[in-house]
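Written below as structure tokens is the structure these notes are about.
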Amino acid sequence: MTTNAELIPQAEERVQDSQTSSETRPLPCSSCGTDDPTFEYASHEDKHLCIDCYDEQVSLCAGCENPFWRDNTTRIADERYCENCLNERFRFCSGCDAYYDRERVYYSELHDADYCESCFSSYVTYCTSCDGQIDPENCRVNDNGDSFCEECYEHDGDDPDGIEYQEHESVRFEKCLSRRKYGVEIEVVTEEDSSHLP
């Protein structure tokens, strides 16, 4: 069986040769206390461990390939990662409580949390008018099925295009000298400031 200790030739750990002499016994394992001379031993952060305890308590980070106490690593799929590599490569979805590659995770300003693509659509939608993030469960919806935040709904929720229509009084002529009488009505839709109109 291949052990963690055999996979880290450049790490600080050094596997000691098995002690074959009955007169010389190794230091006891810091975990289980064994000092069997037929065992292999390894050290990690000043702890002297038999190879069985080493494999149980120490893991190699799949990112940087350095050894860490297993309790200080996080398992993702079949690999373990130290805290630094975990933060560099992954993000935690607050919806399904799982880690994902950071490229597959979306941040929600509304909830101040990261979500995978599936959970993001369940927890976040966008206001049709201002494009701000809103909660799908608590947003306002007009007759056309468009979602709005509270402020935009009160302002233009009845208009699916979010455009405000205004009526402007035209200039009235008191006297027209033309024999042909006609009238013109002009309707203008503006999204910008219309203060320049009469």
Just for strands (runs of 3 or more DSSP E) wholly inside the stretch 65-129: which have at least 1 residues that are touching an Asp or Glu at 6+ places or on another chain (Cβ under 9 Å) and within 22 Å of residue 141 (Cβ to Cβ)? 105-108
With the requirement that a residue be under 13 Å from residue 150 (Cα atoms), small (Gly, Ala, Ser) and open to solvent by less than 40 Å² (accessible area, probe 1.4 Å), what does the stretch 110-140 give you? 132
For residue 105, state whether it is in contact with a Pro (Cβ under 7 Å, 6 or more places away or on another chain) and either under 30 Å from residue 121 (Cα atoms) or modelled with pLDDT of 90 or more (or both). no
Going through (1) under 30 Å from residue 97 (Cβ atoms); (2) of a type in the set (S, T, N, Q); (3) modelled with pLDDT under 95 one by one, residue 73 fails only at (3)
Looking at the stretch 43-64 only, could you name the residues that are under 20 Å from residue 33 (Cβ atoms) and in a loop (DSSP other than H, G, I, E, B)? 45, 46
Among (1) assigned to a loop (DSSP other than H, G, I, E, B); (2) touching a strand residue (DSSP E or B) at 6+ places or on another chain (Cβ under 8 Å), there is one condition residue 35 misses while meeting the rest; what is its number? (2)
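Residues are listed down the side, and each one gets a yes or a no for (1) under 26 Å from residue 31 (Cβ atoms); (2) of a type in the set (Ser, Thr, Tyr):
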position	(1), (2)
59	yes, yes
73	yes, yes
78	yes, no
85	yes, no
95	no, no
117	no, no
128	no, yes
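The values are calculated or read from the model by the stated rules, or taken from the named source; none is laboratory data. What you are looking at is a predicted structure, and each value in this text was computed from that prediction instead of being measured. No Cβ is skipped: glycine too gets one built from the backbone with ideal geometry, and neighbour counts run over all protein chains shown. Accessible surface is based on the protein model in full, side chains and every heavy atom, while ligands, DNA and RNA are left aside. Shrake-Rupley method; radii C 1.70, N 1.55, O 1.52, S 1.80 Å.
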